[in-house]
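Note sheet for the following structure.
Just so you know, all these numbers are worked out from the coordinates, no wet-lab data involved. Predicted, not measured: the structure shown is a model, and the values here were computed from it. When we count neighbours, we look across all protein chains shown, and the Cβ atoms used for this are built from the backbone with ideal geometry, even at glycine.
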Amino acid sequence: MTTRIILAALLVGVCAAFAPVQQRTTGSTSSLSMAPKWDGEKWAPSSPEEGPEAGYGAGKTLLLHGPIPFYNRVFKAADYEQAVLKFMASEKCDRMEGQGNMDFYLANPNDWAFNRFEMEKKGIKYDYTTLDNKSLTLTLVWSSIVLGLSTNVVYSLSTGASFWAFLK
């Protein structure tokens, strides 16, 4: 019984560690003068400021929004790029804002849609590109705990040792 409670608490903590922190801003962060263009088959950046090199890296995607957007960005790069460019064109926003919105959408589409409706109603703007220290610390602590427990599970299963031996 105690084991189940501990595992449930750890699971809840791990899930909360990857929940994005939403920050609100009131002004627009866009400095985009041109939007990506549709060439009949795919979206293409119209300037270097709209290309992948203008945004943030995959590591920041992992830290900001978790493993699902990171996976999509790394292993489905062409689809990810098209989604970002399409969002940029439809919203007339810059690369950072487009990436942040797409990463948040991939991580949690329902909350992203809710935030979009809230933005339209209240006139506020969410910033999905800022990494705060509290969120970073929480993510690193929980990922260390999960990695440690996972390593212990693998070790216990492979050697036959007790899983709880580390508590003695």
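Among Tyr56, Tyr105, the ranking by other beta carbons within 10 Å of each residue's beta carbon, starting with the fewest, stands as Tyr56, Tyr105.
Filter the GluC sites (Glu not before Pro) in region 40-98 down to the DSSP loop ones having no more than 10 other Cβ atoms within 10 Å, then list what survives.
Values: sites: Glu41, Glu49, Glu50, Glu53, Glu81, Glu91, Glu97; in loops: Glu41.
In loop regions of region 40-98 (DSSP not H, G, I, E or B), the sparsely surrounded GluC sites (Glu not before Pro) are Glu41.
The alpha-carbon of Lys122 sits under 18 angstrom from the alpha-carbons of these aspartates and glutamates, leaving out residues fewer than 8 places away in its chain: Glu91, Asp111. Note on Lys92: aspartates and glutamates with a C-alpha under 18 Å away, same-chain residues under 8 apart excluded, are Asp39, Glu49, Glu50, Glu81, Asp103, Glu120, Asp127. From least to most packed, judged by other beta carbons within 10 angstrom and beginning with the fewest, Arg116, Arg73 follow the order Arg116, Arg73.
Kindly state, to the nearest 0.05, the FRET efficiency for Trp38 paired with Arg116, given R0 = 25 Å and r defined as their beta-carbon distance. Before the final figure, lay out the partial values.
Values: r = 22 Å, r/R0 = 0.88.
So the FRET efficiency works out to roughly 0.70.
Among Phe87, Phe104, which comes first, then next, by fewest other beta-carbon atoms within 10 Å? Display every interim value, and only then the final one.
Details: Phe87 19, Phe104 22.
Ranking Phe87, Phe104 by Cβ neighbours within 10 Å, fewest first, gives Phe87, Phe104.
For Lys76, the lysines whose Cα falls under 20 Å of its own Cα, not counting residues fewer than eight places away in the same chain, are Lys42, Lys60, Lys86.
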